[in-house]
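Supplied in structure tokens, the structure appears directly below.
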Amino acid sequence: MLTLVISEQVVVETEHALARKVPRALPSFREVLRSITIMRDPLAADAEPHKMIIAHEPDVSIVVAAMQAKVDYLVTLNRRHFLDDLGVAQRSGLRIGAPMDALARVRGQIAQGSAWSQHGLCGC
């Protein structure tokens with residue numbers, strides 16, 4: 001079973017982006033959210049010790065939320081802050097990739113007959 005998890009911060013950022021770029025997509029996004037677990041953002045005190053994980057400080061809470069949720073895979077389109085800096089994955093202990101990478105992983109596990117029982121996190 002695949003469980004999708006998204007942080008509150010990512011929900012807010014996504015809603016703002018959709019409202020600016022494609023406002024008619026907001027109702028569909030909100031409908032999809034009904035089937036996704038929304039993780040509360042970590043407290044500032046919980047995020048503070050992890051500030052060195054990622055260079056872009058506003059993304060620290062996204063990484064910490066993924067760590068707290070013990071996700072199997074953090075999915076993001078944010079190439080500059082997450083994907084191009086391989087150290088983010090190393091320092092956080094998370095597998096991080098683009099949506100296509102995550103789909104390839106799920107397909108591979110299905111092909112092998114492995115159960116996908118971990119959590120995934122959608123990131124920006």
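Only the coordinates and a few stated rules stand behind these numbers; no lab work does. As the structure is a computational prediction, the values presented were derived from the model and not from experiment. We place every Cβ from the backbone using ideal geometry, glycine too, and count neighbours over all the protein chains shown.
Output the residue which, of all residues in the stretch 88-113 that are of a type in the set (Val, Ile, Thr) and part of a helix (DSSP H, G or I), is surrounded by the fewest Cβ atoms within 10 Å (Cβ to Cβ).
Only one residue fits best here, namely 110.
I would also like to ask the following. Restricting to the stretch 1-21, name every residue that is in a helix (DSSP H, G or I), under 25 Å from residue 43 (Cβ atoms) and not hydrophobic (A, V, I, L, M, F, W, C).
Across the stretch 1-21, the qualifying residues are 8, 9, 13, 14, 15, 16.
What number goes with the only condition from (1) out of contact with any Cys (no Cβ under 7 Å at 6 or more places or on another chain); (2) aliphatic (A, V, I, L, M); (3) touching a residue at least 40 places away in the same chain (Cβ under 8 Å) that residue 10 does not pass?
Just one mismatch for residue 10, condition (1).
Quick test for you: out of 65, 55, pick the one residue that is surrounded by 11 or more Cβ atoms within 10 Å (Cβ to Cβ) and assigned to a loop (DSSP other than H, G, I, E, B).
55
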